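The block underneath contains the structure these notes are about, expressed in structure tokens.
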Amino acid sequence: MYDETCIFCREIVKNRNAAFVYENKYISAFMDSAPIEEGHVLVIPKDHYENIFDIDKEIYTKIQLVVKRIAIAIQDSLKCRGLNIGQNNGRVANQVVMHYHVHVIPRYNRKKINWERAIVDKADLEIIAKNIKETLKKVDEYEESGRII
């Protein structure tokens, strides 16, 4: 399923215009170009699903497993003190892009959580993505050895 009017389908899946952290046959994970915090990653299905009510159960499960691995890699590579994992459904819930996606947002040692966003240059995102990707390889090695997940 593909929706030409969807920015994620068109720009991420088709045109590959992102700093990618992870990909497989069904899923892409990439740096958010308007991050809430440094290291903010989005995880999406490659097929178009609008929200949690629309997404195939099997794909949803695959995404959640990738989200966990990405979260571990973000925490290890960026040394954040915690993270938020979020997913919005519908415009009234602040879903801006109508393509199912999960936010993985690292959090650092701050008293007040900042939800404001800033546009970041893709080259800067590529540097952070490379660091997370390298750590994700270690997560995969741990997983294969039975130490996590």
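On the basis of being at pLDDT below 95, surrounded by 19 or more Cβ atoms within 10 Å (Cβ to Cβ) and of a type outside the set (Lys, Arg), does Glu37 make the cut?
Yes: the conditions hold for Glu37.
Please go through region 98-116 and give me each residue that is closer than 25 Å to Val13 by Cβ and out of contact with any helix residue (DSSP H, G or I) (no Cβ under 6 Å at 6 or more places or on another chain), ordered by number.
Across region 98-116, the qualifying residues are Met98, Tyr100, His101, His103, Ile105.
Please go through region 68-95 and pick out each residue that is touching a residue at least 12 places away in the same chain (Cβ under 8 Å) and under 20 Å from Lys130 (Cβ atoms).
Across region 68-95, the qualifying residues are Arg69, Ile70, Ala71, Ile72, Ala73, Ile74, Gln75, Asp76, Ser77, Leu78, Cys80, Leu83.
From the list Asn51, Asn88, which residue is surrounded by 15 or more Cβ atoms within 10 Å (Cβ to Cβ), in contact with a Gly (Cβ under 7 Å, 6 or more places away or on another chain) and modelled with pLDDT of 95 or more?
Asn51
Just give me the residues in region 122-136 being surrounded by 10 or more Cβ atoms within 10 Å (Cβ to Cβ) and either under 16 Å from Ala18 (Cα atoms) or without any contact (Cβ under 8 Å) to a residue 40 or more places away in the chain (or both), in sequence order.
Residues satisfying the conditions are Lys122, Asp124, Leu125, Glu126, Ile127, Ile128, Ala129, Lys130, Asn131, Ile132, Lys133.
Restricting to region 75-128, name every residue that is within 13 Å of Ile36 (Cβ to Cβ) and among the acidic types (Asp, Glu).
The answer is Glu116, and nothing else.
Would you list the strands (runs of 3 or more DSSP E) that sit entirely within region 1-97 and hold 3 or more residues that are closer than 27 Å to Asp121 by Cβ and not β-branched (Val, Ile, Thr)?
20-23, 27-31, 82-86
Please verify whether region 60-78 includes one or more residues that are surrounded by fewer than 18 Cβ atoms within 10 Å (Cβ to Cβ) and in contact with a Phe, Trp or Tyr (Cβ under 6 Å, 6 or more places away or on another chain).
yes
The values are calculated or read from the model by the stated rules, or taken from the named source; none is laboratory data. Just so it is clear, the model here is predicted, and its values are computed rather than measured. We place every Cβ from the backbone using ideal geometry, glycine too, and count neighbours over all the protein chains shown.
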